[in-house]
Amino acid sequence: MFKKIFPLSAIISLRFLGLFLVLPVISIYAASMTDNLLLVGIIVGGYALTQAIFQVPFGVMSDKIGRKPTLLVGLIIFLIGSLIAAFATDIYTLMLGRFLQGAGAIGSVITAMISDLVEEEVRGKAMAIMGGTIALSFAIAMGLGPVIGASYGVDTLFLITAGLSIFAMILLFTKVPTPPRIKHIYHKKAKTSDILKDSNLLNMIVINAMQKGLMTVAFVLIPIILTSDDFAWEKSDLYMAYLPAMVLGLIAMGPAAVFGEKHNKPKQIFLVSIVLFIGSFLIMGLTASSTLFIIAVSMFFIAFNMMEPLVQSMITKFAKVHQKGAALGISNSVAYFATFIGGTLAGLMLDISDRATIGISVAVLATIWLLWTLKLQNPTKHSHLFISQDLIDTAKLSELEHEHIAEWYINETENLIVIKYVKDLISEEDLKSKVIC
């Protein structure tokens, strides 16, 4: 499994590394081009708006022309956007570059390709690995971005991003296997709208959106506040806030992923993370101490990195097999819109409000989020039984219904019947007796 998904995880992580590298410093860079902080907020979160818009079109295109060609198109658009941003001399050209970076929206295509290559039994682990690599790229970017940006300029960060996209293209055609064409037939059809009727999936969509929205709020606020008259830091000093946050975020990510995945306690991880978000924004809004502000930044990064490896995995666990792509697409599109809105609102609030009001407002919003998340349930642990279709009694299969069977479907390519069930409550032998001739 790892050999199949690592190149794809590397491609999406390289893309995110490029996007994340500029986040710690881009609000200051954009503010040097304009006095309008609303435009600064749009620059920070602008890539997410176009990413949300193009998620579905890229997914549809990948179904028609293939995954690899679609990934190539997305990476080329991302490369062009990075180059435009690197050579931008005014705020609107920079905005164009950021919008184009997001327009290469390959996230849903990567997810679909992993689903093509990886068996259902281990798909949750595959998504967790992908989420972990994205979280790792986030942490690395937080350490490198401020240092490189201060030493060589933010335009250099965009050039590095362009180079990363070229490296991702090389990986695409040298390391990524061509996915098989797999067709599933399901015993029960469902509408895409049913996804929003599932309380756990709806909770995960909200969690994903809030996490990503607060990310851009933080990246508008942190560098602008630290370099303002309140703290009077130099841009070259920003690494002192981001570096400890990066290290602590990396340390927290591993145990959180293990506790959430292996011990099946993601809800607890999400709740702890939200409490940390609340505390971080309160401190950032109210403190006059640089030390406390750095602690707040670290709290934010710990919370973000604890969540990141689990979000995609939990969505795939709650969704039915024929809804996974739609559920991930809806969740990611909503999250990207939230990313754009978070940056835009943060810029607007900086224009019309003060730091304390912003910190308290975000903390109140996060408290509402915390109460909402209390409704989330930890996913039921399922096993999968694979039976050759040649052994199946079709009449028995068509009537297969049981409270401890989540779903079943036919993998036509591999001529298999796949039954997803609760192993602790129904035995494999019992299942076989229900469907085998």
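The values are calculated or read from the model by the stated rules, or taken from the named source; none is laboratory data. Just so we're clear, the structure is a prediction, and the values are computed from it rather than from any experiment. Cβ: placed from backbone, ideal geometry, glycine included. Neighbour counts: every protein chain shown. Just so you know, the surface numbers come from the protein's heavy atoms only, side chains and all, with ligands and any DNA or RNA stripped out. Shrake-Rupley method; radii C 1.70, N 1.55, O 1.52, S 1.80 Å.
Miscellaneous remarks
- Test for Glu401: is it open to solvent by 40 Å² or more (accessible area, probe 1.4 Å) and not polar (S, T, N, Q): yes
- Matching residues in region 32-57 - criterion: being open to solvent by 10 Å² or more (accessible area, probe 1.4 Å) and either out of contact with any Leu (no Cβ under 7 Å at 6 or more places or on another chain) or at pLDDT below 90 (or both): Ser32, Thr34, Asp35, Asn36, Leu39, Ile42, Leu49, Thr50, Ile53, Phe54, Val56, Pro57
- Against the numbered list (1) open to solvent by less than 70 Å² (accessible area, probe 1.4 Å); (2) in a helix (DSSP H, G or I), Phe259 comes up short only at (1).
- Residue that is nearest to Val297 (Cα to Cα), among those in region 210-267 that are aromatic (Phe, Trp, Tyr) and in contact with a Ser or Thr (Cβ under 7 Å, 6 or more places away or on another chain): Phe219
- Hits in region 366-400 (condition: part of a loop (DSSP other than H, G, I, E, B) and more than 16 Å from Lys432 (Cβ to Cβ)): Leu374, Lys375, Leu376, Gln377, Asn378, Pro379, Thr380, Lys381, His382
- From the list Ser273, Ser236, the lone residue that is farther than 20 Å from Val44 by Cα, polar (S, T, N, Q) and touching a helix residue (DSSP H, G or I) at 6+ places or on another chain (Cβ under 7 Å) is Ser273.
- Filter pass, Ser331 being more than 30 Å from Ala232 (Cβ to Cβ) and in a helix (DSSP H, G or I): yes
Residue by residue, here is whether (1) outside any loop (DSSP other than H, G, I, E, B); (2) open to solvent by 40 Å² or more (accessible area, probe 1.4 Å); (3) modelled with pLDDT of 95 or more holds:
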position: Gly149; (1), (2), (3): yes, no, no
position: Leu157; (1), (2), (3): yes, no, yes
position: Ile166; (1), (2), (3): yes, yes, yes
position: Met169; (1), (2), (3): yes, no, yes
position: Phe173; (1), (2), (3): yes, yes, no
position: Thr178; (1), (2), (3): no, yes, no
position: Ile207; (1), (2), (3): yes, no, yes
position: Asp229; (1), (2), (3): no, yes, no
position: Met240; (1), (2), (3): yes, yes, no
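- You will find that of Phe270, Phe293, the residue that is open to solvent by less than 10 Å² (accessible area, probe 1.4 Å), in contact (Cβ under 8 Å) with a residue 24 or more places away in the chain and under 27 Å from Asp229 (Cα atoms) is Phe293 and no other.
- When residues of region 94-116 are limited to those that are open to solvent by less than 20 Å² (accessible area, probe 1.4 Å), part of a helix (DSSP H, G or I) and at pLDDT below 90, the one nearest to Phe16 (Cα to Cα): Gly107
- Among the conditions (1) surrounded by fewer than 20 Cβ atoms within 10 Å (Cβ to Cβ); (2) not in a helix (DSSP H, G or I), Ala88 misses just one, which is (1).
- Residues that are small (Gly, Ala, Ser) and farther than 13 Å from Glu428 by Cα were ranked within region 379-398; the one that is least open to solvent (accessible area, probe 1.4 Å) is Ser388.
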